[in-house]
Every structure is written in C-alpha cells, then in structure tokens.
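The values are calculated or read from the model by the stated rules, or taken from the named source; none is laboratory data. Since the structure is predicted, the reported quantities are computational estimates derived from the model, not experimental observations. Note that we place each Cβ from the backbone using ideal geometry, even for glycine, and neighbour counts take in every protein chain shown.
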Amino acid sequence: MEFILANPVEDQAEGLRRLLRHGSPHIITVVSGSVGAGKTSAVINLATALARNGKDVLVIDENAGANNLAGTLGLSAHRDLLDVIRRDKTLDEVIIPGPDGIRLLPAGRGMPVLGKLGPHDQTHLIDCFDGFSQPVDAILIDAAPGRVSRMLSLALSSHEIVVVVSPEPASITAAYALIKHISGDHGIQRFRVLLNRTVIETEAQMIFDNMAGVASRYLAVSLDFMGFIPPDDKLRQSNRRGHSVIEAFPAAISATAFRRAAEMLTHGPRCEEEGNESNEKGLGGFMQCLMQGSQSQRQHASDNSGNQNGSIRQSASNNPVKQSDRSSPIKQANRNSIAAKGSKGPVVRHV
C-alpha cells in the first residue's frame with residue numbers, strides 16, 4: 001500500500017487561509033451625493049488596484065439597470081442577490097467573475113428587501129454568505145446614489161465610507177448633505193473623501209479643507225483626504241471601453257492616482273464604528289449586520305414619514321421662512337475667502 005505524506009507547509013498555508021476566510025473583511029462603501037460624480041468608475045478602479053495588490057476583492061453592486069457596474073464592465077448579470085434570497089440560485093452561481101480576479105455580486109433587486117425578511121430567510125442568507133467558498137479580503141460596495149442605500153446603516157468596525165465628489169458646486173453641496181444625513185441618522189463620525197475630475201492638487205485640497213472644516217465645526221465629523229483623480233483622456237477612454245484605467249492604461253496619471261487612493265485604503269486609518277458590532281465574523285456576520293441595519297433603517301424611515309407632516313406644519317407656523325433664507329448657505333461662495341486664496345473654487349458652508 002502506498003502512503004501519501006501530507007505536506008506540512010501546504011497544510012499550514014491552507015489552515016491559515018481557512019482562518020482568514022472566517023475573519024472580518026475590510027468593507028468599503030463608496031457613495032456620492034448625486035449622480036454623475038464618478039462613483040462607479042471609482043469602485044472599478046479601486047477594486048482593480050486592490051486586486052493587483054494581492055487582495056481578494058468582492059464588489060457588491062447596489063444599483064439596478066443597464067448603467068450598473070456589471071453593465072459598465074460589459075458583463076452579463078442574469079441573476080441577482082434576490083435569486084439567492086428566493087433560493088433559486090446559490091451565492092456562488094450568482095457571483096460573476098470579473099477582471100483581475102475581482103468577483104461581482106449584483107444586488108440591485110435584492111438589497112431593497114433585506115429589511116423585510118423573516119427569521120427563516122435571514123438564517124438562510126447568513127448561511128449562504130458564511131459558506132461562500134472563496135476567500136474575501138475586501139468588500140467594495142457601489143452604493144445606490146444619495147440616501148437610499150442600505151449600506152449606510154451598516155454597524156461594523158471594519159466598515160468605512162468613501163464619499164466621491166467632483167468640483168462642481170452641486171456635487172459638493174450634495175456630498176455634504178449626504179455626510180450630514182449619514183452622521184445624523186446612522187451615527188457614523190468618520191468619512192473618507194475622494195475628489196474626482198479635479199485638475200490640480202491645490203484645488204482638490206482647498207475643496208477638501210472647506211468640507212472638513214465645516215463638517216468638523218457643525219457636525220463633529222472627521223473627514224480624511226483620500227486624494228484626487230485628474231480628468232485625463234485615458235480615463236475617459238477606459239470608461240467608454242468598459243475597463244479600468246489601471247488595466248487599459250496603467251501609465252496614465254489617473255491610474256497612478258487610483259493606485260495611490262487604494263494604498264490609502266490599505267494603510268490609512270479606518271472608520272471607528274460607534275454602533276453595536278455583530279458578534280459574528282466573516283461574510284455571514286457582514287450579512288447579519290447588514291440585515292439588522294436595513295430593518296432599523298426601514299423602521300426609522302417609517303417613523304419619520306408618520307411624524308413629518310405634523311412637524312412641518314408646526315415648524316412653518318412657528319418659524320415662517322423669510323425669502324432671503326431660502327437659499328442654502330452651503331451653495332453660497334464666500335467671496336472674501338476665495339479672494340484670499342486666489343481661487344475660483346466654492347467654499348462649503350453649513351446648511
């Protein structure tokens with residue numbers, strides 16, 4: 001009889017992989033206050049940079065429709081997280097292999113129902129994620145735009161939020177309003193900010209400094225500067241082709257900027273979660289906490305809608321709005337500060 005001796009080095013490596021598989025992955029939700037800030041492009045390029053740096057990356061796309069992340073990459077997404085919830089497909093069958101070893105989970109139809117699931121469906125979904133066969137070091141979420149994302153209430157210490165903002169005043173206004181909403185409703189007090197389509201570093205730094213100063217003063221929120229992405233032609237070409245600029249044009253200045261931003265995610269400070277973290281670890285714990293947050297978010301929205309009409313009427317009668325107050329201060333430029341800085345960029349002011 002021939003005996004096959006085990007390789008102790010390979011066994012030890014496999015044991016380490018199994019151990020890490022059940023650890024807590026780094027969870028990064030990428031948001032924007034409005035459509036058009038470049039959020040999906042940022043997710044694609046950050047995921048590519050992390051994957052090329054040796055990370056096992058799972059991208060969850062919370063957007064439905066032809067312009068979602070799978071459509072942008074030219075991938076066929078016939079199934080969704082909802083099919084896993086309905087037990088029509090396994091999680092492995094729904095996840096799509098992408099470039100550079102990235103895995104993509106379409107979830108635009110499944111995310112909205114997470115807060116409505118009963119105990120049996122919750123247990124089923126947790127078991128599906130807990131039993132996922134592939135290792136995951138990082139989860140990037142291409143969040144639904146604005147305040148509708150189910151990821152905003154995720155209470156895990158390994159979770160952080162990246163806000164993508166462009167130099168346009170409307171984008172800055174929407175980004176600040178989203179930060180205010182998330183910090184006020186979900187208790188998150190630390191965010192990363194990535195300036196997109198910004199030509200020079202001084203402009204990006206000025207916009208960030210204005211946002212950080214107002215957020216610190218009025219919201220008690222800390223913002224971390226993640227860098228800026230210049231609007232070079234190579235990035236536009238790669239977007240049209242459905243590729244990351246890192247893959248299509250690795251020497252482009254925007255590719256270098258995305259690699260630096262990904263490096264910030266790997267080595268920079270993580271958000272400190274103020275909420276209650278799930279005792280579970282791994283992907284199962286991630287999904288358990290996500291469903292709990294979705295339920296709380298749904299209940300909070302229901303409570304607010306029930307009280308909104310009466311509160312608005314009472315506030316209107318007690319505090320009539322003057323015509324001069326109708327313009328949001330965050331949309332106004334502080335001309336004196338701009339002149340002192342020698343820049344035409346907008347200065348963020350608290351709403």
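Worth pointing out:
- Residues that are at pLDDT 80 or above and either in contact with a Pro (Cβ under 6 Å, 6 or more places away or on another chain) or not in a loop (DSSP other than H, G, I, E, B) (or both), drawn from the stretch 5-26: His26
- The helices (runs of 4 or more DSSP H) found wholly in the stretch 27-136 and carrying at least 2 residues that are of a type in the set (Lys, Arg) occupy 39-52.
- Test: residue in the stretch 130-152 that is of a type in the set (S, T, N, Q) and either under 19 Å from Ser41 (Cα atoms) or free of Cβ contacts under 8 Å to residues at least 24 places away in the same chain (or both): yes
- Condition check for Val214: under 18 Å from Leu50 (Cα atoms) and buried (at least 22 other Cβ atoms within 10 Å of the Cβ): no
- Extreme residue, surrounded by the fewest Cβ atoms within 10 Å (Cβ to Cβ), among residues of the stretch 142-160 that are of a type in the set (Ser, Thr, Tyr) and farther than 27 Å from Leu73 by Cα: Ser157
- Looking at Ala212, Ala177, Ala155, just one residue is of a type in the set (Gly, Ala, Ser) and over 26 Å from Ala64 (Cα atoms), and that residue is Ala212.
- The set of residues in the stretch 23-54 being surrounded by fewer than 22 Cβ atoms within 10 Å (Cβ to Cβ) and of a type in the set (Lys, Arg) consists of Arg52 alone.
- Of everything listed in (1) surrounded by fewer than 23 Cβ atoms within 10 Å (Cβ to Cβ); (2) over 23 Å from Ile179 (Cα atoms), the single unmet condition for Val84 is (1).
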